[in-house]
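**Student:** The structure is given below, and queries will be raised subsequently.
The values are calculated or read from the model by the stated rules, or taken from the named source; none is laboratory data. For clarity, every value in this text was computed on a predicted model and none was experimentally measured. Positions of Cβ are generated from backbone atoms using ideal geometry, with glycine treated the same way; all protein chains shown enter the neighbour counts. Note: accessible area is taken over every heavy atom of the protein model, side chains too, but ligands, DNA and RNA are not part of it. Shrake-Rupley method; radii C 1.70, N 1.55, O 1.52, S 1.80 Å.
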Amino acid sequence: MNNDKKTRDDLPSQEELLKFLLTKHSYPHKPKHIRFVQTHASYVFIVPPFVYKIKKPVNFGFLDFSTLEKRRFFCQQEIQLNRLLCPDAYLGVIPIFRNPSGFLSFDGSGTAVEYAVQMRMLPHRYFFKRLLLRNCVQRGDIDRLVSKLCQFYKETEDGADIASWGTIEKIKKNTDENFEQTQSVINIILSRTAFESIRYFTNRFYELYADLFEERVKQGWIKNCHGDLHLEHIHLQPKNICIFDRIEFNERFRFIDVASDIAFLAMDLDYNGRQDLSCFFSDRMGQELKDVGLKKLLDFYKSYRAYVRGKVEGMTAQDPLVDPVKKKEHIEKAKKYFRLSLQYAAIGSKPMLLVVMGKIATGKSYLAQSLAEELDWKVFSSDRIRKEMLGLDIYTRPEESIREKLYSEEITSKTYERLIHNGLAELCQNKGVVLDATFGRKEQRALLLEALHSKGYSPLFIEVQADLPTRKKRLVERRLYPSISDARLEDLTLIDSLYEEPKELPQGHLLKISSTEPLMLLLSRLFHLLCDLHLQRLMQG
């Protein structure tokens, strides 16, 4: 029997390997405790004062650790690549042996059957994400990080071979691969609407910005970057910054536009609710690098990076060795990343107020609710607010005498004031929001525009339309099921007569959409329109 065949036969199963590495006495320094973490591609064992990282024997196409030889090679690559940004943490590649008795050990006797990257454990309290959660990250810390990264981008390799990875053809290979590898989770972790909309935005961006991608290559912005620059890979000590876990397994994820690296961290700051720091970070990077094209690329690369994170979290959840509680956590993270990717594609980085308006029975409430669910935003409904103000059951149509008060000028004015107040409060928390109301009067729309202008925000009105027969049919059917709206067929003519067409709204602030097609097709078409409008705004600068 040759030695290669014997080595393959001696390789431990994942269960045997995990049992060994979860046993304190397996380690030469006999740690007091072990903390185990896993990703889609690695097992990580935190055994103070060290960390051992084992690559899983997996092949995802873009990542291939399927043989012992490949795992050893990529362990060595990881050490070499990461010493530039985190020189003190990466100690070396440690073999795991099967000794003559058949047991696994680190003692150096027998045959090497696995390899681990050994790292020095970094003080837990200085990890960027932990500092962020404790609200301990200041703009001065971001400035320190900007200095570190700018120095790295000046020193890291570029050149013709690396620059070739900045062409649309090469970048599109990555985005196409992402879409192909997430087909199986559509309607499980990722909605069909989100999938189609993000893909549409991505491919339209390539078409519209072909010249920009060419310029980036010529200007030398394609470099040997980090590739996986997010919060959990940054350690911010008072006098030292360590940026670790640089991608080692595939050069095409590391030979990228500097803008892609920057967008990754900006996206992760958004994901963790710190849009203020995200904006400050990307602005400072653009200033220090003197990169005038960065701003136009950010939403594209943020959408791409959020999608990648969604894919990775979904892959981790599918690992049979992940326990059910962790599996659920990974699934929820994946959903949140995919929704964020959709927001970047359809809306952009900044929070926005979407007003879904229109005549009664056009389907605006269904569309508003679906829109909010896709984006993971709150939706505020005038029908709900109106009834809640008077303490009425929202699904019960009150008798006529109560309806007269409910729909009086006084209550209507208070309803819209409350609606606008709620929307502004949500925006001020850096969150997008959907308002669901007729907004059938010019004065109501003016009130909203004035309130938003005073805070520096601008809305987008989406007027939902439907032909008269369709609306009449919906009002008849409304009698058959609970509805928050009290409008019925007999109210149609009067309410329509009071509706003032939104002709005064500024260009670019109004979308019109017909709701006569099935909801999912309608929603998909609306998101395509939103993507087009977003791309138009980017083109205009």
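**Student:** Considering only residues that are farther than 23 Å from Leu498 by Cβ, charged (D, E, K, R) and either open to solvent by 40 Å² or more (accessible area, probe 1.4 Å) or in contact with a Cys (Cβ under 7 Å, 6 or more places away or on another chain) (or both), which ones fall in segment 421-442?
**Tutor:** Taking segment 421-442 and keeping what is farther than 23 Å from Leu498 by Cβ, we get 421-422, 424-434.
Filter once more, so that each one left must be charged (D, E, K, R): 426, 431.
Listed by number, the list holds a single entry, Lys431.
**Student:** Please return the ranges of helices (runs of 4 or more DSSP H) entirely within segment 425-541 where 3 or more residues are of a type in the set (D, E, K, R) and either at pLDDT below 95 or under 30 Å from Lys295 (Cα atoms) (or both).
**Tutor:** Numbers: elements: 442-455, 468-477, 492-497, 519-540.
Where helices (runs of 4 or more DSSP H) fall fully within segment 425-541 and carry at least 3 residues being of a type in the set (D, E, K, R) and either at pLDDT below 95 or under 30 Å from Lys295 (Cα atoms) (or both), they are 468-477, 519-540.
**Student:** Can you find a residue in segment 239-256 that is closer than 20 Å to Ile162 by Cβ, assigned to a helix (DSSP H, G or I), modelled with pLDDT under 95 and in contact with an Asp or Glu (Cβ under 8 Å, 6 or more places away or on another chain)?
**Tutor:** Yes - at least one qualifying residue is present in segment 239-256.
**Student:** Tell me which residues, restricted to segment 48-91, are open to solvent by less than 40 Å² (accessible area, probe 1.4 Å) and assigned to a helix (DSSP H, G or I).
**Tutor:** Leu68, Arg71, Phe74, Cys75, Glu78, Ile79, Leu81, Asn82 - these are the residues of segment 48-91 that are open to solvent by less than 40 Å² (accessible area, probe 1.4 Å) and assigned to a helix (DSSP H, G or I).
**Student:** Within segment 273-287, identify whether any single residue is part of a loop (DSSP other than H, G, I, E, B) and either surrounded by 24 or more Cβ atoms within 10 Å (Cβ to Cβ) or touching a residue at least 12 places away in the same chain (Cβ under 8 Å) (or both), and answer yes or no.
**Tutor:** Yes, there is a match, as at least one residue in segment 273-287 is part of a loop (DSSP other than H, G, I, E, B) and either surrounded by 24 or more Cβ atoms within 10 Å (Cβ to Cβ) or touching a residue at least 12 places away in the same chain (Cβ under 8 Å) (or both).
**Student:** Report yes if Asp228 is in a loop (DSSP other than H, G, I, E, B), at negative phi and free of Cβ contacts under 8 Å to residues at least 40 places away in the same chain, otherwise no.
**Tutor:** On the way: in a loop (DSSP other than H, G, I, E, B): yes; at negative phi: yes; free of Cβ contacts under 8 Å to residues at least 40 places away in the same chain: yes.
Judged against the criteria, Asp228 is a match.
**Student:** Hey, among the residues in segment 331-354 that are assigned to a helix (DSSP H, G or I), in contact (Cβ under 8 Å) with a residue 40 or more places away in the chain and more than 11 Å from the chain's Cα centre (by Cα), which one's surrounded by the most Cβ atoms within 10 Å (Cβ to Cβ)?
**Tutor:** Kept after step one, since they are assigned to a helix (DSSP H, G or I), are these residues of segment 331-354: 331-346.
Then drop every residue that is not in contact (Cβ under 8 Å) with a residue 40 or more places away in the chain, which leaves 331, 334-346.
From the residues that got through so far, the ones that are more than 11 Å from the chain's Cα centre (by Cα) too are 331, 346.
On the way: Ile331: 18, Ala346: 29.
Only one residue fits best here, namely Ala346.
**Student:** Hey, another quick one. Checking the conditions here, which among Thr167, Thr202, Thr193, Thr175 is open to solvent by 30 Å² or more (accessible area, probe 1.4 Å) and touching a residue at least 12 places away in the same chain (Cβ under 8 Å)?
**Tutor:** On the way: Thr202 fails: open to solvent by 30 Å² or more (accessible area, probe 1.4 Å); Thr193 fails: open to solvent by 30 Å² or more (accessible area, probe 1.4 Å); Thr175 fails: open to solvent by 30 Å² or more (accessible area, probe 1.4 Å).
Just one listed residue meets the conditions, Thr167.
**Student:** Just one of Leu449, Leu475 is buried (at least 17 other Cβ atoms within 10 Å of the Cβ), at negative phi and either free of Cβ contacts under 8 Å to residues at least 24 places away in the same chain or touching a Cys at 6+ places or on another chain (Cβ under 9 Å) (or both); which is it? Full working, then the answer.
**Tutor:** On the way: Leu475 fails: either free of Cβ contacts under 8 Å to residues at least 24 places away in the same chain or touching a Cys at 6+ places or on another chain (Cβ under 9 Å) (or both).
One residue alone meets the criteria, Leu449.
**Student:** Can you tell me how many residues within segment 372-406 are in a helix (DSSP H, G or I), in contact (Cβ under 8 Å) with a residue 40 or more places away in the chain and either basic (Lys, Arg) or in contact with a Phe, Trp or Tyr (Cβ under 6 Å, 6 or more places away or on another chain) (or both)? Spell out the reasoning first.
**Tutor:** Start the filter on segment 372-406 by keeping residues that are in a helix (DSSP H, G or I), which leaves 372-375, 382-389, 400-406.
Subsequent filtering for residues that are in contact (Cβ under 8 Å) with a residue 40 or more places away in the chain retains 372, 374-375, 382-384, 387, 403, 406.
So of that shortlist, the ones also either basic (Lys, Arg) or in contact with a Phe, Trp or Tyr (Cβ under 6 Å, 6 or more places away or on another chain) (or both) come out as 384, 387, 403.
Going through segment 372-406 one residue at a time, the tally reaches 3.
For (1) within 28 Å of Leu342 (Cβ to Cβ); (2) loosely packed, with under 14 Cβ neighbours inside 10 Å; (3) within 23 Å of the chain's Cα centre (by Cα), each residue gets a yes or a no:
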| site | (1), (2), (3) |
| --- | --- |
| Met119 | no, no, no |
| Phe128 | yes, no, yes |
| Ile142 | yes, no, yes |
| Gln151 | no, yes, no |
| Glu157 | no, yes, no |
| Ala160 | no, yes, no |
| Gly227 | yes, no, yes |
